[in-house]
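The values are calculated or read from the model by the stated rules, or taken from the named source; none is laboratory data. Bear in mind that the values here come from a model prediction, so they are computed numbers and not experimental data. Note: ideal-geometry Cβ built from the backbone for every residue, glycine included; neighbour counts use all protein chains shown.
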C-alpha cells in the first residue's frame, strides 16, 4: 500500500499545485486547508516537489515557530532528495541558524550551497562566488574556486 501511495504522490502534488495556483476560491480558508492537506499527503509520501513546496509554504508563510521549524524539516528532506531550491534554502538556514532545531553550521551550509550551485541555482552560485572570493563560511580566499563559480553566474 505504501508503494502505491509513493507512486501516486507526484500526481497528487500536481493536482494540489494546480488548485493552489487557480484564482477560484482565492482567500478561502476551506480551499487553503484542503490544498495544504493534499500537499502534506504528497510530501509525506516522498514527492520531492511536494516536500519543497510544502516546506517553503510552512517555513516562509507558516504561522508560529513550530510551523516554521516543520517547514525547514520538509525543506531538508527535499534538499536531500535533490531539489535545488530547497538545497539553497537549507544553506541559508544553516548559515544563519533557526531557532533551537537548526544550529548555525558553516559546513552544512556550504554543502547545501554547493549541491544547489552544481544544479545551477543562481542564488547559490552567487553565494559560492562570494564565499570563495571573500573567504567566508570558514573557507580561505580561493581565486580558482571563485573564478569557477563566477563563470557560472547568469
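Couple of notes before you dig in:
- Filtering 97, 135 for residues that are under 30 Å from residue 64 (Cβ atoms), loosely packed, with under 14 Cβ neighbours inside 10 Å and out of contact with any helix residue (DSSP H, G or I) (no Cβ under 6 Å at 6 or more places or on another chain) leaves a single hit, 97.
- Within the stretch 99-106, not a single residue is assigned to a helix (DSSP H, G or I) and over 30 Å from residue 153 (Cα atoms).
- Among the candidates 71, 55, 82, 25, residue that is touching a helix residue (DSSP H, G or I) at 6+ places or on another chain (Cβ under 7 Å), under 30 Å from residue 114 (Cβ atoms) and loosely packed, with under 14 Cβ neighbours inside 10 Å: 82
- The stretch 102-126 residues that are on the phi > 0 side of the Ramachandran plot, paired with ones that are at pLDDT below 95 (beta carbon under 9 Å, 6 or more apart): 120/152; 120/154
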